[in-house]
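In what follows, a single structure is set out as C-alpha coordinates and then discussed.
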Amino acid sequence: MKWFCKNWYWVGGVVASATLVYLVAAWGGLSVLVRLQLMSFIAILVHQFEEYGWPGGEPAIMNIVLQRSDIPDHYPLNRFSAMFTNVLIAYTMYLLPVFFPDVIWLGLGPMFLGFSQFIVHGIATNIRLRSFYNPGLGAVVLLHYPIGIYYCWYVAHNGLATTGDWIWGTVYALLSSGLVIGFMTYKVLANRDSKWHFSEEEMERFHVKEKMAKK
(Lines give C-alpha, C1' and ligand atoms only; values in the text may rest on other atoms or scores of the structure.)
Protein backbone atom coordinates (compact mmCIF):
# COMPACT_ATOMS: atom_id res chain seq x y z
CA MET A 1 0.00 0.00 0.00
CA LYS A 2 2.80 2.41 0.89
CA TRP A 3 4.52 1.79 -2.44
CA PHE A 4 1.30 2.20 -4.42
CA CYS A 5 0.38 5.44 -2.61
CA LYS A 6 3.76 6.81 -3.69
CA ASN A 7 3.67 5.52 -7.27
CA TRP A 8 0.01 5.25 -8.36
CA TYR A 9 0.29 7.97 -11.02
CA TRP A 10 3.42 6.38 -12.49
CA VAL A 11 1.52 3.10 -12.62
CA GLY A 12 -1.28 5.00 -14.34
CA GLY A 13 1.18 6.22 -16.95
CA VAL A 14 2.17 2.62 -17.70
CA VAL A 15 -1.49 1.55 -17.85
CA ALA A 16 -2.28 4.43 -20.21
CA SER A 17 0.56 3.37 -22.51
CA ALA A 18 -0.57 -0.27 -22.48
CA THR A 19 -4.16 0.77 -23.17
CA LEU A 20 -3.03 2.89 -26.11
CA VAL A 21 -1.14 -0.06 -27.58
CA TYR A 22 -4.23 -2.25 -27.17
CA LEU A 23 -6.48 0.42 -28.69
CA VAL A 24 -4.30 0.72 -31.78
CA ALA A 25 -3.93 -3.05 -32.18
CA ALA A 26 -7.63 -3.82 -31.69
CA TRP A 27 -9.03 -0.69 -33.39
CA GLY A 28 -10.79 -2.47 -36.25
CA GLY A 29 -12.61 -4.86 -33.95
CA LEU A 30 -13.92 -2.25 -31.52
CA SER A 31 -17.13 -0.25 -31.77
CA VAL A 32 -16.91 3.54 -31.95
CA LEU A 33 -18.32 3.83 -28.43
CA VAL A 34 -15.69 1.49 -26.97
CA ARG A 35 -12.91 3.30 -28.83
CA LEU A 36 -14.04 6.63 -27.40
CA GLN A 37 -14.32 5.25 -23.87
CA LEU A 38 -10.83 3.76 -24.05
CA MET A 39 -9.53 7.11 -25.29
CA SER A 40 -11.33 8.78 -22.38
CA PHE A 41 -9.72 6.32 -19.95
CA ILE A 42 -6.30 7.13 -21.40
CA ALA A 43 -7.12 10.83 -21.10
CA ILE A 44 -7.86 10.68 -17.37
CA LEU A 45 -4.65 8.74 -16.70
CA VAL A 46 -2.62 11.26 -18.71
CA HIS A 47 -4.43 14.05 -16.84
CA GLN A 48 -3.44 12.54 -13.48
CA PHE A 49 0.15 12.00 -14.59
CA GLU A 50 0.33 15.62 -15.73
CA GLU A 51 -0.98 16.71 -12.31
CA TYR A 52 1.22 14.55 -10.09
CA GLY A 53 4.12 13.21 -12.19
CA TRP A 54 5.24 15.63 -14.90
CA PRO A 55 5.25 18.52 -14.61
CA GLY A 56 3.43 17.69 -11.36
CA GLY A 57 2.73 20.04 -8.49
CA GLU A 58 -0.92 19.20 -7.84
CA PRO A 59 -0.41 18.52 -4.09
CA ALA A 60 0.99 22.04 -3.62
CA ILE A 61 -1.61 23.58 -5.91
CA MET A 62 -4.50 22.00 -4.03
CA ASN A 63 -3.19 22.56 -0.51
CA ILE A 64 -1.40 25.90 -0.90
CA VAL A 65 -3.11 27.68 -3.79
CA LEU A 66 -6.71 26.50 -3.48
CA GLN A 67 -7.04 25.40 0.16
CA ARG A 68 -4.56 27.79 1.83
CA SER A 69 -3.42 25.06 4.24
CA ASP A 70 -0.96 25.73 7.04
CA ILE A 71 0.33 22.13 6.74
CA PRO A 72 0.25 21.66 2.97
CA ASP A 73 2.36 18.51 2.75
CA HIS A 74 -0.55 16.41 4.08
CA TYR A 75 -3.70 18.50 4.64
CA PRO A 76 -6.38 18.54 3.43
CA LEU A 77 -5.10 16.49 0.46
CA ASN A 78 -2.71 13.73 1.42
CA ARG A 79 -1.00 10.90 -0.40
CA PHE A 80 -3.63 8.32 0.52
CA SER A 81 -6.66 10.46 -0.33
CA ALA A 82 -5.09 11.50 -3.64
CA MET A 83 -4.44 7.88 -4.54
CA PHE A 84 -7.80 6.59 -3.31
CA THR A 85 -10.09 9.06 -5.03
CA ASN A 86 -8.10 9.30 -8.27
CA VAL A 87 -7.74 5.55 -8.70
CA LEU A 88 -11.37 4.92 -7.73
CA ILE A 89 -12.62 7.47 -10.26
CA ALA A 90 -10.24 6.49 -13.06
CA TYR A 91 -10.55 2.75 -12.93
CA THR A 92 -14.24 2.50 -12.02
CA MET A 93 -15.99 5.42 -13.64
CA TYR A 94 -13.91 5.40 -16.83
CA LEU A 95 -13.74 1.63 -17.39
CA LEU A 96 -17.38 0.71 -16.73
CA PRO A 97 -18.52 2.27 -20.03
CA VAL A 98 -15.89 0.21 -21.86
CA PHE A 99 -17.67 -2.96 -20.73
CA PHE A 100 -21.18 -1.49 -20.97
CA PRO A 101 -20.94 0.88 -23.96
CA ASP A 102 -24.67 0.75 -24.71
CA VAL A 103 -25.54 2.24 -21.32
CA ILE A 104 -25.18 5.78 -22.63
CA TRP A 105 -25.65 7.70 -19.37
CA LEU A 106 -22.80 5.62 -17.93
CA GLY A 107 -20.62 6.86 -20.79
CA LEU A 108 -21.77 10.47 -20.57
CA GLY A 109 -20.81 10.75 -16.89
CA PRO A 110 -17.02 10.62 -17.33
CA MET A 111 -17.23 12.89 -20.37
CA PHE A 112 -19.09 15.53 -18.33
CA LEU A 113 -16.61 15.06 -15.48
CA GLY A 114 -13.81 15.76 -17.94
CA PHE A 115 -15.54 18.96 -19.07
CA SER A 116 -15.89 20.11 -15.46
CA GLN A 117 -12.13 19.90 -14.94
CA PHE A 118 -11.82 23.18 -16.80
CA ILE A 119 -13.44 25.00 -13.86
CA VAL A 120 -10.53 24.03 -11.59
CA HIS A 121 -7.68 23.98 -14.09
CA GLY A 122 -8.74 26.64 -16.57
CA ILE A 123 -10.29 29.17 -14.22
CA ALA A 124 -9.86 28.81 -10.43
CA THR A 125 -6.21 27.73 -10.33
CA ASN A 126 -5.06 30.11 -13.06
CA ILE A 127 -6.74 33.04 -11.33
CA ARG A 128 -4.99 32.23 -8.06
CA LEU A 129 -1.62 31.59 -9.75
CA ARG A 130 -2.11 34.42 -12.26
CA SER A 131 -1.02 32.06 -15.00
CA PHE A 132 -2.30 30.62 -18.28
CA TYR A 133 -1.32 27.04 -17.47
CA ASN A 134 -1.24 24.65 -14.55
CA PRO A 135 -0.64 20.87 -14.47
CA GLY A 136 -3.74 19.08 -15.74
CA LEU A 137 -4.97 21.81 -18.06
CA GLY A 138 -3.16 20.35 -21.05
CA ALA A 139 -5.06 17.06 -20.85
CA VAL A 140 -8.34 18.90 -20.29
CA VAL A 141 -7.99 21.02 -23.43
CA LEU A 142 -6.22 18.55 -25.71
CA LEU A 143 -7.88 15.29 -24.64
CA HIS A 144 -10.98 15.57 -22.45
CA TYR A 145 -12.74 18.18 -24.54
CA PRO A 146 -12.13 16.77 -28.04
CA ILE A 147 -13.01 13.23 -26.96
CA GLY A 148 -16.01 14.30 -24.89
CA ILE A 149 -17.43 16.64 -27.53
CA TYR A 150 -17.14 13.99 -30.22
CA TYR A 151 -18.75 11.38 -27.95
CA CYS A 152 -21.69 13.69 -27.20
CA TRP A 153 -22.07 14.53 -30.90
CA TYR A 154 -21.89 10.87 -31.89
CA VAL A 155 -24.56 9.61 -29.48
CA ALA A 156 -26.84 12.56 -30.30
CA HIS A 157 -26.33 12.32 -34.07
CA ASN A 158 -27.05 8.59 -34.07
CA GLY A 159 -30.04 8.81 -31.75
CA LEU A 160 -28.35 6.72 -29.06
CA ALA A 161 -29.05 9.08 -26.14
CA THR A 162 -32.45 9.70 -24.62
CA THR A 163 -33.39 12.72 -22.53
CA GLY A 164 -32.99 10.49 -19.50
CA ASP A 165 -29.44 9.60 -20.53
CA TRP A 166 -28.44 13.28 -20.60
CA ILE A 167 -30.06 13.87 -17.21
CA TRP A 168 -28.64 10.77 -15.53
CA GLY A 169 -25.24 11.35 -17.07
CA THR A 170 -25.21 14.82 -15.56
CA VAL A 171 -26.37 13.55 -12.16
CA TYR A 172 -23.76 10.77 -12.26
CA ALA A 173 -20.97 13.28 -12.98
CA LEU A 174 -22.14 15.66 -10.24
CA LEU A 175 -22.43 12.89 -7.64
CA SER A 176 -19.01 11.51 -8.56
CA SER A 177 -17.46 14.95 -8.33
CA GLY A 178 -19.25 16.00 -5.17
CA LEU A 179 -19.33 12.79 -3.16
CA VAL A 180 -16.38 10.72 -4.31
CA ILE A 181 -13.90 13.50 -5.09
CA GLY A 182 -15.05 16.41 -2.94
CA PHE A 183 -16.56 14.78 0.15
CA MET A 184 -14.20 11.78 0.36
CA THR A 185 -11.05 13.79 -0.31
CA TYR A 186 -11.69 16.89 1.76
CA LYS A 187 -13.96 15.60 4.52
CA VAL A 188 -13.69 11.87 5.15
CA LEU A 189 -10.02 11.30 4.31
CA ALA A 190 -8.67 14.72 5.31
CA ASN A 191 -6.74 14.48 8.57
CA ARG A 192 -4.42 17.06 10.12
CA ASP A 193 -2.54 14.19 11.78
CA SER A 194 -2.32 12.05 8.66
CA LYS A 195 0.82 9.96 8.23
CA TRP A 196 0.41 10.09 4.44
CA HIS A 197 2.66 13.09 3.72
CA PHE A 198 3.66 14.13 0.22
CA SER A 199 7.42 14.10 -0.30
CA GLU A 200 9.41 17.31 -0.61
CA GLU A 201 10.01 16.46 -4.26
CA GLU A 202 6.26 16.18 -4.95
CA MET A 203 5.61 19.48 -3.19
CA GLU A 204 8.34 21.26 -5.17
CA ARG A 205 7.16 20.25 -8.64
CA PHE A 206 5.95 23.14 -10.82
CA HIS A 207 7.55 25.51 -8.26
CA VAL A 208 4.20 26.46 -6.75
CA LYS A 209 5.63 28.06 -3.61
CA GLU A 210 7.87 30.32 -5.65
CA LYS A 211 5.00 31.34 -7.91
CA MET A 212 2.81 32.20 -4.92
CA ALA A 213 5.65 34.15 -3.28
CA LYS A 214 5.95 36.39 -6.36
CA LYS A 215 2.31 37.44 -6.23
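Evaluate the charge dipole of the range 144-211 about its Cα centre and quote only its size in Debye, nearest 20, assuming +1 on the Cβ of each Lys and Arg and -1 on the Cβ of each Asp and Glu.
180
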TODO: Would you work out the charge dipole size for the range 173-214 about its Cα centre, treating the Cβ of every Lys and Arg as +1 and the Cβ of every Asp and Glu as -1, and quote it to the nearest 20 debye?
DONE: 200
Task: Listed residue (Asn126, Gly29, Met212) projecting farthest to the positive dipole end of the chain, Cβ model - done: Met212
- [ ] List the residues of the range 61-84 whose backbone N lies under 15 Å from a point placed 7 Å from the Cα of Asn126 along the Cα-to-Cβ direction.
- [x] none
Open item on the list: Test of understanding: in a Gaussian network model of the chain with alpha carbons linked when under 10 Å, which of Arg79, Arg130, Arg205 would top the mean-square fluctuation ranking?
Closed with: Arg130
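So, with a 1.4 angstrom probe, what is the percent of accessible area on the chain that is carbon and sulfur?
68
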Task: Charge dipole (the chain, unit charges on Cβ, about Cα centre) - positive-most of Thr162, Ser17, Trp54 - done: Trp54
- [ ] Rank these by accessible area, largest first, 1.4 Å probe: Lys6, Lys211.
- [x] Lys6, Lys211
TODO: Considering the convex hull of the alpha carbon atoms of the chain, report its projected area averaged over all viewing directions, in nm², one decimal.
DONE: 11.9
TODO: Taking 7 Å along the Cα-to-C-beta vector as the label spot, tell me the Thr163-Ala25 distance in nanometres, rounded to one decimal.
DONE: 4.6
- [ ] State, in angstrom, two size descriptors of the range 96-199 derived from its alpha carbons: Rg to one decimal place and Dmax to the nearest whole number.
- [x] 16.4, 52
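To the nearest 20 debye, what is the magnitude of the charge dipole of the chain about its Cα centre, counting +1 on the Cβ of each Lys and Arg and -1 on the Cβ of each Asp and Glu? List each step's numbers first, then the result.
Numbers: 15 positive and 13 negative charges, 85 e Å.
The calculated dipole for the chain is roughly 400 debye.
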Open item on the list: Over the chain, with a Gaussian network built from C-alpha contacts below 10 Å, which listed residue (Ala190, Ala25, Ala161) shows the highest mean-square fluctuation?
Closed with: Ala25
Open item on the list: Could you give the length gained by full extension between Phe100 and His207, i.e. 0.36 nm per residue of separation minus their alpha carbon distance, to one decimal place?
Closed with: 34.4 nm
TODO: Consider all pairwise Cα distances in the range 32-106 and report the whole-number % of them above 21 Å.
DONE: 39
Task: MRE, 222 nm, helices only [DSSP H, n ≥ 4, -39500 (n - 2.57), over the chain, to nearest 500] - done: -17000 deg cm²/dmol
- [ ] At 1.4 Å probe size, with every protein chain present, just tell me what the per residue accessible area of the range 67-190 comes to in Å².
- [x] 49
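The values are calculated or read from the model by the stated rules, or taken from the named source; none is laboratory data. Keep in mind the model is a prediction, meaning the values are calculated, not measured. Glycine also receives a Cβ, built like all others from the backbone with ideal geometry; neighbour counts cover every protein chain displayed. We work out accessible area using only protein heavy atoms, side chains counted, and drop any ligands, DNA or RNA first. Shrake-Rupley method; radii C 1.70, N 1.55, O 1.52, S 1.80 Å.
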